[in-house]
Amino acid sequence: PPPNPEPDPDPEPIPNPPPIPAAGFRALIIYEQSAPLPNEQQAVMTSAAVREYLAQHCVKDAAGRPAFRIFDQNADLKNEDKIWRDAMALPRAGLPWLIVSNGTAGYSGPLPENPEKAVELLAKYAGP
């Protein structure tokens, strides 16, 4: 019988670019101001634990502020950096939405359901 054919080589991995293609840890929460949210999810946006985590781990922007933003989906971003205008333009499947990026990997998906899960998710990309 004929010899077994060589197996196909592994396909090239599909690159998964970070949602924000800039070095450093950044996060963006997008919500709809008029849409009611469960209290636990609303707490993600107001939680001191989440904000402190972001303040400690995000890179600093040109103004020296931690690079995280929380925007209504209809916010006027003309005075924001291009990096945030570009991030707001990314496709999303609903609201509220979270975009996290460390420049090499990231997450773009539904906002976690409570502050603890949010910090857990952020920690996956923030590094030590």
Residue among Gly24, Gly64, Gly106 with the largest mean-square fluctuation in a Gaussian network model of the chain, springs linking Cα atoms under 10 Å: Gly64
Considering only the chain, percent of DSSP beta bridges that pair antiparallel, nearest 5: 70
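In terms of the Cα gyration tensor, with a ≥ b ≥ c the square roots of its eigenvalues, is the chain rounded because a/c is under 1.5, prolate because a/b exceeds b/c, or oblate?
prolate
Give the relative contact order (percent, whole number) for region 29-128; include only Cα pairs under 8 Å separated by 6+ residues.
Values: 114 pairs, mean separation 36.0, N = 100.
Over region 29-128, the number comes to 36 percent.
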When we measure straight from the Cα of Lys124, which lysines land under 21 angstrom away, once same-chain ones fewer than 8 places off are left out? Lys60
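Roughly how many Å² is the accessible area per residue of the chain, as a whole number, for a 1.4 Å probe? Each step should come with its number before you reach the end.
On the way: 8090 Å² over 128 residues.
With the other protein chains kept in place, the chain gives 63 Å² per residue.
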Pick from Ala62, Ala49, Ala23: which is most flexible by mean-square fluctuation in a GNM of the chain where alpha carbon atoms under 10 Å apart are linked? Ala62
For the chain, the accessible surface attributable to carbon and sulfur atoms (probe 1.4 angstrom, ligands and nucleic acids excluded) amounts in percent to 55
Just Ser47, Ser34, Ser101 to compare: in a GNM of the chain, with alpha carbon springs under 10 Å, which one fluctuates most? Ser34
Would you mind finding the longest exposed-site-free stretch of the chain, with exposed GluC sites (Glu not before Pro) meaning DSSP loop and at most 14 other Cβ atoms within 10 Å? 33-112
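The values are calculated or read from the model by the stated rules, or taken from the named source; none is laboratory data. The model shown is predicted, which means the values in this text are computed figures rather than measured ones. Counting neighbours? That spans all protein chains shown, and the Cβs are built from the backbone with ideal geometry, glycine included. Surface areas here come from the heavy atoms of the whole protein model, side chains and all, with no ligands, DNA or RNA. Shrake-Rupley method; radii C 1.70, N 1.55, O 1.52, S 1.80 Å.
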